[in-house]
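J.: What follows is a single structure, and I will ask about it in a moment.
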10 protein chains.
Amino acid sequence: MPDTSLLDTFPTPTETPLLIEHVNEEFTSVCPVTGHPDFGTVTIRFEPGPSCVELKSLKLYFQSFRNEGIYYEAVTDRIRDDLVECMKPHWLQVVTQWRGRGGIRSRIVAGHGKVPSDWARG
Amino acid sequence: MPDTSLLDTFPTPTETPLLIEHVNEEFTSVCPVTGHPDFGTVTIRFEPGPSCVELKSLKLYFQSFRNEGIYYEAVTDRIRDDLVECMKPHWLQVVTQWRGRGGIRSRIVAGHGKVPSDWARG
Amino acid sequence: MPDTSLLDTFPTPTETPLLIEHVNEEFTSVCPVTGHPDFGTVTIRFEPGPSCVELKSLKLYFQSFRNEGIYYEAVTDRIRDDLVECMKPHWLQVVTQWRGRGGIRSRIVAGHGKVPSDWARG
Amino acid sequence: MPDTSLLDTFPTPTETPLLIEHVNEEFTSVCPVTGHPDFGTVTIRFEPGPSCVELKSLKLYFQSFRNEGIYYEAVTDRIRDDLVECMKPHWLQVVTQWRGRGGIRSRIVAGHGKVPSDWARG
Amino acid sequence: MPDTSLLDTFPTPTETPLLIEHVNEEFTSVCPVTGHPDFGTVTIRFEPGPSCVELKSLKLYFQSFRNEGIYYEAVTDRIRDDLVECMKPHWLQVVTQWRGRGGIRSRIVAGHGKVPSDWARG
Amino acid sequence: MPDTSLLDTFPTPTETPLLIEHVNEEFTSVCPVTGHPDFGTVTIRFEPGPSCVELKSLKLYFQSFRNEGIYYEAVTDRIRDDLVECMKPHWLQVVTQWRGRGGIRSRIVAGHGKVPSDWARG
Amino acid sequence: MPDTSLLDTFPTPTETPLLIEHVNEEFTSVCPVTGHPDFGTVTIRFEPGPSCVELKSLKLYFQSFRNEGIYYEAVTDRIRDDLVECMKPHWLQVVTQWRGRGGIRSRIVAGHGKVPSDWARG
Amino acid sequence: MPDTSLLDTFPTPTETPLLIEHVNEEFTSVCPVTGHPDFGTVTIRFEPGPSCVELKSLKLYFQSFRNEGIYYEAVTDRIRDDLVECMKPHWLQVVTQWRGRGGIRSRIVAGHGKVPSDWARG
Amino acid sequence: MPDTSLLDTFPTPTETPLLIEHVNEEFTSVCPVTGHPDFGTVTIRFEPGPSCVELKSLKLYFQSFRNEGIYYEAVTDRIRDDLVECMKPHWLQVVTQWRGRGGIRSRIVAGHGKVPSDWARG
Amino acid sequence: MPDTSLLDTFPTPTETPLLIEHVNEEFTSVCPVTGHPDFGTVTIRFEPGPSCVELKSLKLYFQSFRNEGIYYEAVTDRIRDDLVECMKPHWLQVVTQWRGRGGIRSRIVAGHGKVPSDWARG
């Protein structure tokens, strides 16, 4: 099971707003129907509240999906919920992009809070 | 004939809004005038309502256009109508891009509902 | 002379709005001052009114500029006027991009009507 | 010295608004401090008023900076001022991009008038 | 320690607004936890107030981070604060992009003031 | 069935050696096991003997594979045999590249005669 | 354990030589020291002897490395040995490319038999 | 008719061997069957003998094909013959690449003399 | 000083020949004349003898150049000598590519032994 | 006049063979006929004899062509001769690539000595 106990945080180091993006191009889980592996890229973007997720813990958390049978939509939704709970961010967005099956590749976006106006320009 | 009975759906797995994109780079139909094959990419994007289209059924539905004589505009319009009917999405957009004939390549966009403000930033 | 009689149309196949783009990467005309050929790409984008320009007729219309001595700006303006007259579109945009002379490459944009809000996101 | 007498114009060929972009990827001037050459790309974009700058004269004007000792910011500002004076455009934007010195590459934007809403979409 | 005394400025050469971007693709500092080097690109964008940062001094300032143990977020925040203090810009944005550790690459954005509306179109 | 009667030739227009390459990026056939369509690019290269294949006839010949259930290897082998028979070339090479199934993409090469020493340098 | 019993073959469909390449961009195994996952691309190229590996069985065989703790060099060597044993090819080459750890990415090549002279030109 | 009288030469400026390549990405002629324009890139490479073709004359010579009805193979062969006659080069190679008709793009190579061993490495 | 004691090896895991490449895109040292940092990519390729360099030790070895004042040529030569001494490879090649100073970027190649004929084709 | 007195050398730091490449993407000279500037990239590759050209002196030497009226072929030939004289290399190759005039871009190669067999593989 994806394991939220792996997620660590550290206090946000400044009160001036920051926007942060982490991209993991080495995400894999398993299709719950066929049992074949899925490969994708997971991008998280956030404006931190009181704390930020620690990078090594984030890596281990992502790795805990490796042998989990789970749909694209559920992966995306689950990561959003877990990170919102552990960081309490002002804004968070999770984007998953999948290499595809049967000639169709997919992208799923899940959000929390209002997109900061500076983001698109950064 | 493109066959809407091939389309299956599953219940949207969360009430928190998601945005979903599926890209099929292996679409082919036939020009109704010349009988020559057309090749293109079909992209669908949507904010699901109660249900989401199932990926394997979507692939088979796209394949049912293979030997259909049908214009670019009609392909795009037809996919929009069929997906709106089977998914009842809050928003749906169909974009078809065609490799072209006679040195001219084309792109057609058909929409349903209002583009979510988060999309462009995801 | 560019020949508008070459342009054919067909009735727009749906009342639901479509956005359409045709790109011709094989456009050539002649510089009216030096007599040297100009090479460029012509893109037209439109939201159709009652009728759409037929693709083969559009190709022949573009070819009729081949030996015409005409400036970049006049090519762009002329295509806009001819297509507005034959299609009566809700919106039309013509973009010409030129490979350039003397180390300077150029792009000219001519519009008719208001850009649909969905375009940038399609 | 950059030589504005080189700049010629011709009357804008239509009263319907056009947007025009010229890109010169072969711009060079000299750093006033070190005497080393600077290399860059100069892009001008404008919505013409009564007249448009003639392309060959623009090339010669750009070439007149070749042995001029002048800072990035001053090049950009000077081109804006000279073109505004000779064309009286409704809108003008000058963007200079520099290959850089000491591992840092730079981009400078100078504007005149309000960016037309159609530009970003053209 | 990053050394702000290295930063020199020169008076902004025009009262007409300019937008300026400097990109340093050769930034390196050290991870405070593991002691391993971090490599990234630092981009600064600003609308100058009374003075602009001098390029060579900016390069030396960036080099002073070379053997500093410092987190991504702190690098970004520190550069913003130092440049705001020495230039008093109307607007400043610092974007750091990091090649990543453990398969995750990151991007941090820190801002000061309101993004000028012309920026996205420049 | 792939239809060799579609293939026309014309006499090679010169006795001085030529090397010729035709690339068709719009090839499709059907997997004989699953019935799903395969999509690929077919490249033919040859040094002509007495005759060259005519381009329009080549296009129609490739289209005759559209609904044929046939393996990658057999497509490649078949095209080689058919073109050798109709053109009697000094050298012929057929390369098929396939978009892939189940995350694996493939390339098959079939040859006839000795590769001309000039080819790699052309 | 990587499972060679998964590998199926079919008789080579022609006696005329073919060269075949299969590329799997979704390979993953586990580092035997750290336990972290490795991600890479595996390319196999061969001139078949009496039989060719069947694609679906190849996919399942590659998937059987998913949770195996194994070094880059051993993966490459193992795949070569297993495929040589099951196919008896005239020539076989295995190339593994790895996304890397600690900022270093790697490529390993293992061969069997003499590279066919036509390969580089195909 | 393509006009060889347009071709001028100048004496090769050194007796030490040079290898020279000129690439014209703006070539157009007309299909002799359909009357539709063909667009392509013409590359010439040579080791000069006593004289080299002058660049402006080469451009005018290429332009003289503009309204000529002529096949791909004949264009390539004709340029080889004309340049061999006017330059007497030690080696010459003509490569034409065509944007294609009916989804098939082509490349033709015509040579004269032996490819210098240094070329591939230059 | 670059520290060869950091280099560890492990026994080559097979007697069948392997070719191995490691690419480090995060190399930095210091110019011995100006004191400014140099940034580059170091590629090593080898056919192992009795032992292979261990990846983590290679990373630490490369990091030991970080504050060393050393020329491009000496870096390349030094790495070759150190790796030949610790691995006794049948073949070794070191390629360094440098982002450059003063608008000139450089590449240095140092070799040991004869390049295996299979390399270029792998 | 291009000024060879600007060229400095330093003793080759090792007796083991090195191959060295320097690429200057910021070369400019003047067309002797039209007086318009030419822009290009100059690449030099060599296997050093007793001495290597010093990088800063090479940059100044290249800059001394800035206002020289000189043909492409003569630039290439001149650089070869000057560098052979000052370095006495075992092998030297000069490649100039020019952005072009009138739609034709050019590349000139001048060599001295025999290309080392390792070069193409480095």
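J.: To the nearest whole number, what is the average tally of beta carbon atoms from other chains within 10 Å of the beta carbons of peptide J:20-30? Walk me through the numbers on the way to the answer.
T.: Values: counts 8, 6, 8, 6, 5, 6, 9, 3, 5, 0, 1.
Other-chain Cβ atoms within 10 Å of each residue's Cβ, averaged: 5.
J.: Excluding A:Gly35 itself, calculate the net charge of residues whose Cβ lies under 14 Å from the Cβ of A:Gly35, where each Lys or Arg counts +1 and each Asp or Glu counts -1. Mind showing how you got there, number by number?
T.: Values: positive: A:Arg66, A:Arg101, G:Lys56, G:Lys59, G:Arg66; negative: A:Asp38, A:Glu68.
Charge balance in the 14 Å sphere: +3.
J.: Among I:Leu6, G:Leu92, which comes first, second and so on when ranked by fewest other beta-carbon atoms within 10 Å? Spell out each step's value before the answer.
T.: Working: I:Leu6 17, G:Leu92 23.
Going from least to most buried by this count: I:Leu6, G:Leu92.
J.: Starting at the first residue of the range I:43-53, write each ³J(HN,Hα) from the Karplus equation 6.51 cos²θ - 1.76 cosθ + 1.60 with θ = phi - 60°, in whole Hz, x for Gly and Pro.
T.: Taking θ as phi minus 60°, the curve returns 10, 10, 10, 7, 9, x, x, x, 9, 10, 6 Hz for the range I:43-53.
J.: What residues have an amide H closer than 5 Å to that of H:Phe27, excluding those fewer than 5 places away on the same chain, when H is modeled at 1.01 Å from N in the peptide plane?
T.: For H:Phe27, the qualifying residues are H:Gly40, H:Val42.
J.: Would any residue of the range C:11-37 have its amide N under 14 Å from a label point 7 Å out along Cα→Cβ of C:Lys88? List them or say none.
T.: Within reach of a label on C:Lys88, which here means backbone N under 14 Å from a point 7 Å along Cα→Cβ, the range C:11-37 contributes C:11-12.
J.: Skipping prolines and chain starts, which residues have an amide H placed within reach, meaning under 5 Å, of the one on C:His90, given they are 5 or more residues away or on another chain?
T.: C:Glu47, C:Gly49
J.: Right, another one. Could you please rank G:Arg66, B:Arg107, placing first whichever residue has the fewest other Cβ atoms within 10 Å of its Cβ?
T.: G:Arg66, B:Arg107
J.: Give the distance, in whole Å, between the Cα centre of the range C:12-75 and the Cα centre of the range J:43-113.
T.: 45 Å
J.: May I pose another question? Within the set of other residues whose C-beta is less than 11 Å from the C-beta of I:Pro89, count the net charge using Lys and Arg as +1 and Asp and Glu as -1. If you can, show how the numbers build up before the last one.
T.: On the way: positive: I:Arg45, I:Arg80, I:Lys88; negative: I:Glu47, I:Glu85.
Charge balance near I:Pro89 sits at +1.
J.: Another one. Which entries in H:Lys88/J:Lys114; C:Lys114/D:Lys59; B:Lys59/B:Lys88; D:Lys56/D:Lys114 show an alpha-carbon gap greater than 31 Å?
T.: Over 31 Å Cα-Cα: C:Lys114/D:Lys59.
J.: Given R₀ = 41 Å, what would the calculated FRET efficiency be for A:Glu68 paired with F:Met1, taking r from the Cβ atoms and rounding to 0.05?
T.: Rounded to the nearest 0.05, the efficiency is 0.30.
J.: I'd like the FRET efficiency for G:Arg99 and H:Glu25, computed as 1/(1 + (r/R0)^6) with the beta carbon distance as r and R0 of 30 Å, rounded to 0.05. Spell out each step's value before the answer.
T.: Values: r = 36 Å, r/R0 = 1.21.
Between G:Arg99 and H:Glu25 the formula returns 0.25.
J.: If you don't mind, another one. Can you give the helix-only mean residue ellipticity at 222 nm for chain C, where every DSSP H stretch with n ≥ 4 adds -39500 (n - 2.57) and the sum goes over all residues, rounded to the nearest 500 deg cm²/dmol?
T.: For chain C, the value works out to -6500 deg cm²/dmol.
J.: Let me ask you something else. List the residues whose amide H sits under 5 Å from the amide H of E:Gly100, counting only those 5 or more places along or on another chain, with H placed 1.01 Å from N in the peptide plane.
T.: The answer is E:Phe39, E:Ser106.
J.: Ignore the peptide's own chain and count Cβ atoms of other chains within 10 Å of each Cβ in F:71-82; give me the average, rounded.
T.: Working: counts 4, 6, 8, 2, 0, 5, 5, 2, 0, 3, 2, 0.
Shielding by partners across F:71-82 averages 3.
J.: Below 13 angstrom from the Cβ of F:Gly100, what's the summed charge of the other residues (Lys, Arg +1; Asp, Glu -1)?
T.: Details: positive: A:Arg99, A:Arg101, A:Arg105, F:Arg99, F:Arg101, F:Arg105, F:Arg107, G:Lys56, G:Lys59; negative: B:Glu25, B:Glu26, F:Asp38, G:Glu21, G:Glu25, G:Glu26.
For residues surrounding F:Gly100, the net value is +3.
J.: Under 8 Å for C-alpha pairs, at least 6 residues apart: give me the relative contact order for chain H, rounded to a whole percent.
T.: Reported relative contact order: 29 percent.
J.: Work out how far the C-alpha atoms of the range E:4-121 reach from end to end along every principal axis, then list the three figures in whole Å, largest first.
T.: Projected onto the principal axes, the Cα atoms of the range E:4-121 cover 47, 31, 19 Å.
J.: A further question follows. Regarding the protein assembly as shown, what's the average projected area of the Cα-atom convex hull, expressed in nm²?
T.: On the way: hull surface 178.4 nm².
Averaging across all directions leaves 44.6 nm² for the Cα convex hull.
J.: With θ taken as phi - 60° and the coefficients 6.51, -1.76 and 1.60, list the Karplus ³J(HN,Hα) couplings across the range J:7-18 in order, rounded to whole Hz; mark glycine and proline as x.
T.: My calculation for the range J:7-18 gives 6, 10, 10, 10, x, 4, x, 8, 8, 6, x, 10 Hz in order.
J.: From a point 7 Å beyond the Cα of E:Thr41 in the direction of its Cβ, which residues of the range E:75-100 have a backbone N at a distance under 14 Å?
T.: The answer is E:95-100.
J.: Would you list E:Glu25, J:Glu47 from fewest to most Cβ contacts within 10 Å?
T.: Lowest count first: E:Glu25, J:Glu47.
Only the coordinates and a few stated rules stand behind these numbers; no lab work does. Here the structure is a predicted model, which means the values were calculated and not measured. As a convention, Cβ positions derive from the backbone with ideal geometry for all residues, glycine included, and neighbour counts pool all protein chains shown.
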